[in-house]
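Contents: one structure, followed by commentary.
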Amino acid sequence: MHLIIAEKHDAAKRIAQILSGDKPRPYRIGGVEAFKFDDKVVMGLSGHIVGVDYPPGYNNWQKVDCKDLIRAEIVVRPINDKIVNALRSLGKEADRITVATDYDREGELIGVEALKIAKEANPRLMEDRVRYSAIVKDEILKAFKNAGKVDYDLAASGEARQIIDLVWGAALTRYISLTSGRLGKEFLSVGRVQSPTLALIVDREKEIQSFVPKPYWEIYADLERDLRVQHARGRIWEKDEVDSIVARLGPVGIIRSIETKPRVEKPPAPFDTTSFISAASGIGFSAANAMRIAEWLYVNGFISYPRTDNTVYPPSIDLVALTRLFAKGEFSKDAEKLLGGKMVPTRGKRSTTDHPPIYPTAPVNKSELKEDQWKIYELVVRRFFATLAEPCVWEATSLKVDIGPEPFRASGARLVEPGWRHYYPYSKAEERILPALKEGERLRVLGHSVEAKETQPPARYGQGKLIKLMDELGLGTKSTRHDIISKLYARAYVQGNPMRPTNTAYAVVDTLQKYAPTITKPEMTQTLEKDMTQISEQKIKEDEVIEESRVMLTSVFDELSCNQEDIGQSLKDGLRTDKIVGTCEKCNSELIIRRGHRGSRFIGCSGYPECRFTLPLPRSGAIVVTDKVCEKHGMFHIRIINKGKRPWDLGCPHCNFLDWQAKKALELAEGKESGEGKGAKARPAKKTVRGSGAKAAKKASRPSNADGDGLARLPGIGPKTLEKLAAAGIKTSGELAGANAKSLAAKTGLSEKKIAAWKSAAKALS
């Protein structure tokens, strides 16, 4: 039997369909689905099926010295027992095994992991390796026809990365968490790539906060013929000079020179992973989401492998034939137009031999994909077309005008040939058409204006821009950078996009930069990245690189150990700030996020035990205190981040709690009105929510009534009901709470039963 190993189940299914002529039979072994045809079985893994870890004795954070983790034994453990057992069973039956995982460092390691398990069960297994960049018929058949050897050196470089990241992450994370007292689910994570990346974000925010704007002025003049010109000096830094220039302006502008020349704009380079993520970010996709969708499109045969550093199409790709595939369907007109031109592909700055740039491999109808999938697919198709298109040609005009003794200027641009821009609409082509003028022509000055402006601070990093910077600095790889950014969000180190660091991020980075700066600088991880690449090139041994990393980490711990008390205090001082939600309305003390003895979380007053004001919080998810403030209660809004889910904007904790109370009061009142009788239990809320009424909070997103009293927040009261109540003189929740239900029902035509329920809810809200 010939066993074929793919990286994931969907990839295995598609490979089996191609190799079998679309006739593979589902084949289950030990609860794992594989695909069988002829004498072949194609089995998909789930990424890594084994992982590196410490022995169980090292799991106790309190009893194990963090520094001991640097040289502790590393063991390999199964991550997915079902697949491991299925692999062993199939390995016993097989006489040949082919590794068909993704061809990169990570994919090679995954393939070797599976290979070792199968060979443990059957040492006589013959092995080979197939490499492909697209899961399409021609490429898969070609890959299996030209199977080669497994690259154990490439796998070793991936294994080295796993071990190094485990040791650095575990040792430093434990040290920082223990020193700061942040344990359990609220531990502080530190990583070899994560920490210097976070430092970039924090340092940029410090630049923004410390930025002192500098005033400047720009002078404009409006002339007849609808011509607006700017003073040739552009920014003028002294107001006295501005006033002096304005005083010298005359009533007539004289056209001194007109220069018109073509400007050629070259097509963009093909997509590598970094430029793809940057472009996807520009149309609203996070880095992680863009890569997730791209992976799906790749596995299903619609685009090539999305993890690549290459920006040069290899000669093996028939670009004309590939374009012809799109002559029918959604992109038919663009494909036909492209085929009618020269079709000379652009070349980027980086050329590699592992994978080509990202390109579409097959046409698909828009109706066959989800909206997000189509947007990413269309982006790849249009970028591919743009790289084959002719340059964009502009007619650029420069105009110089004298107004009195002062020089002014204007520039215009007219699109002559759209070229590649016709296919790639994501970069807008803005024309500025100047009127037809002649040198020496005199134009009356209709007026002038002085615009006072200020220099602006540097912009925050968006995800696309940050990944580009990480690429330039050698932080992480094309396969890991988007995951690093996702971890920063999951750990509540950053929020928003562009990214803003939280106070927790400030506390961690400031402390590390002061007492162990090596961790926050890119040089350390650059060195290790280069060394890991050299493992794959057989220039250095895996053990040597791992030892080098351990020596580096030992020196870091020497720095940390000398300042342990200062580090602990620095972290605690910084982290406390991130827990402050607002000021107690009862005693003016700080309101702080706290954790109860049984794991519950709440907002409590720092004036306890004298003041016992509290508000509940959800039990799970990272809590991020945002900079948005509730106008009514003066509290910061809160965001809850759960891994793998969309962030939940809880809003003001006090408003959220009041909404929950109102909802419960309404349910209780409706229960009594329905005849449940005295002493009967109120019907439970449908899906009671995350400790403080998330569902009610969503309903509360409707705008409140004009006086801000919250009448519109009561469940079941919409715009029409508000109008009826207002006509009856009820405009606030307080007025509703004090109204006579029977009388109000007669005035409004509303149900007396509903009004009674609303009255009870209004009392709770008040």
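Could you tell me which of the residues Ser367, Ser351, Ser332, Ser398 is without any contact (Cβ under 8 Å) to a residue 12 or more places away in the chain and either over 16 Å from Tyr424 (Cα atoms) or crowded, with 18+ Cβ neighbours inside 10 Å (or both)?
On the way: Ser351 fails: without any contact (Cβ under 8 Å) to a residue 12 or more places away in the chain; Ser332 fails: either over 16 Å from Tyr424 (Cα atoms) or crowded, with 18+ Cβ neighbours inside 10 Å (or both); Ser398 fails: without any contact (Cβ under 8 Å) to a residue 12 or more places away in the chain.
It is Ser367.
Within segment 606-622, being part of a strand (DSSP E or B) and either modelled with pLDDT of 80 or more or among the charged types (D, E, K, R) (or both) holds for Thr614, Leu615, Pro616, Leu617. Residue check: is Trp394 of a type outside the set (A, V, I, L, M), under 30 Å from Pro435 (Cα atoms) and not in a loop (DSSP other than H, G, I, E, B)? Taking the combined requirement at face value, the residue satisfies it. Checking Val551, Val509, Val556 one by one, the residue that is of a type in the set (Val, Ile, Thr), surrounded by fewer than 15 Cβ atoms within 10 Å (Cβ to Cβ) and in a helix (DSSP H, G or I) is Val551 and no other.
Looking at this structure, is Glu451 among the acidic types (Asp, Glu) and touching a residue at least 40 places away in the same chain (Cβ under 8 Å)? Considered against the rule, which asks whether it is among the acidic types (Asp, Glu) and touching a residue at least 40 places away in the same chain (Cβ under 8 Å), Glu451 comes out as yes.
When every residue of segment 121-128 is checked against the conditions, at least one turns out to be within 28 Å of Leu297 (Cβ to Cβ) and surrounded by fewer than 21 Cβ atoms within 10 Å (Cβ to Cβ).
Checking every residue in segment 588-603 against the condition of being part of a loop (DSSP other than H, G, I, E, B), of a type in the set (Ser, Thr, Tyr), in the same structural domain as Glu631 (by TED's automatic domain parsing) and under 16 Å from Glu186 (Cα atoms) gives at least one match.
With the structure loaded, tell me whether Arg161 is within 30 Å of Cys66 (Cβ to Cβ) and either surrounded by 16 or more Cβ atoms within 10 Å (Cβ to Cβ) or out of contact with any Ser or Thr (no Cβ under 9 Å at 6 or more places or on another chain) (or both) or whether it fails that test. Full working, then the answer.
Details: within 30 Å of Cys66 (Cβ to Cβ): yes; either surrounded by 16 or more Cβ atoms within 10 Å (Cβ to Cβ) or out of contact with any Ser or Thr (no Cβ under 9 Å at 6 or more places or on another chain) (or both): yes.
For Arg161, the condition - within 30 Å of Cys66 (Cβ to Cβ) and either surrounded by 16 or more Cβ atoms within 10 Å (Cβ to Cβ) or out of contact with any Ser or Thr (no Cβ under 9 Å at 6 or more places or on another chain) (or both) - is met.
Mind checking which residues of segment 573-597 are within 25 Å of Lys67 (Cβ to Cβ) and loosely packed, with under 15 Cβ neighbours inside 10 Å?
Going residue by residue through segment 573-597, those that are within 25 Å of Lys67 (Cβ to Cβ) are 573-575.
Result: Asp573, single match.
Test Pro522 against the criterion of being surrounded by fewer than 23 Cβ atoms within 10 Å (Cβ to Cβ), modelled with pLDDT of 90 or more and more than 30 Å from Ser157 (Cα to Cα), and give yes or no. Spelling it out, it is not the case that Pro522 is surrounded by fewer than 23 Cβ atoms within 10 Å (Cβ to Cβ), modelled with pLDDT of 90 or more and more than 30 Å from Ser157 (Cα to Cα).
Checked against (1) more than 29 Å from Leu297 (Cβ to Cβ); (2) out of contact with any helix residue (DSSP H, G or I) (no Cβ under 7 Å at 6 or more places or on another chain), Ala72 passes all but condition (2).
Take the residues of segment 559-578 that are in a helix (DSSP H, G or I) and among the acidic types (Asp, Glu): which is modelled with the lowest pLDDT?
Applying the first criterion (in a helix (DSSP H, G or I)) to segment 559-578 yields 559-561, 564-577.
Of the ones still in play, those that are also among the acidic types (Asp, Glu) are 559, 565-566, 573.
Details: Glu559: 85, Glu565: 83, Asp566: 85, Asp573: 76.
So, considering only residues that are in a helix (DSSP H, G or I) and among the acidic types (Asp, Glu), the one modelled with the lowest pLDDT is Asp573.
Anything in segment 601-649 that is within 16 Å of Thr577 (Cα to Cα) and acidic (Asp, Glu)? List them, or say none. Scanning segment 601-649 gives a single hit, Asp627.
Selection within segment 164-192: residues that are assigned to a helix (DSSP H, G or I) and β-branched (Val, Ile, Thr). The member of this set that is surrounded by the fewest Cβ atoms within 10 Å (Cβ to Cβ) is Thr173. Selection of segment 466-482 for residues being buried (at least 17 other Cβ atoms within 10 Å of the Cβ) and of a type in the set (D, E, K, R) yields Lys468, Asp471, Lys478, Arg481.
Can you name every residue in segment 343-374 that is basic (Lys, Arg) and closer than 26 Å to Gly107 by Cα? Show your work before the answer.
Residues of segment 343-374 that are basic (Lys, Arg), as a first pass: 347, 349-350, 366, 370.
Scanning segment 343-374 gives Lys349, Arg350.
The values are calculated or read from the model by the stated rules, or taken from the named source; none is laboratory data. Note that the coordinates shown come from a computational prediction; the quantities given were computed from them, not determined experimentally. Note that we place each Cβ from the backbone using ideal geometry, even for glycine, and neighbour counts take in every protein chain shown.
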